[in-house]
């Protein structure tokens, strides 16, 4: 009798597991991959290019985000799908644009005029949670971005600092705010 109860409970548990498992788990996804720009994209349209919350965004020893050429091309494609004019050439090094002076003013004006598009871009590149955090911080960002002048030193590092301070003001922890601000600065550097 105990064996029969055990077997029946085992069968019930097995039927619940298979009923709760979506059919897509068993499907062969090999033919379902998107191919963009001549390389195979492993992400679906709903998942981010770089999942920020799962640690997919990597940084070098200076705290700058590291993007592959494929990721840069994908970031630009996502922006173009939204109607953002994107420069045709990517910077040869991420740090090239950081030290220039007028780039801070250009970036500040660009962010202010492309708030929605940039938030959508952050969501598609870094994930939904990153976009929500950035969107919540945008209101705090507007004032400091309007105060950026052409003589501002630091270039995109100044913009990163403004983004960081706004993220902190909206309640994001210091470590997440620092990483997210650097990632957003990286995205902006390819779009302006």
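Based on the Stokes-Einstein relation at 25 °C and a viscosity of 0.890 mPa s, and on the Kirkwood radius from alpha carbon pairs, region 110-163 is assigned a translational diffusion coefficient of 209 µm²/s. The value of relative contact order for region 68-191, using C-alpha pairs under 8 Å at least six residues apart, is 34 percent. Once the gyration tensor of the Cα atoms in region 68-191 is diagonalised, the equivalent ellipsoid follows with semi-axes of 20, 18, 13 Å, ordered largest first.
Bear in mind these aren't lab numbers, they're just calculated from the coordinates by the rules spelled out. The model shown is predicted, which means the values in this text are computed figures rather than measured ones.
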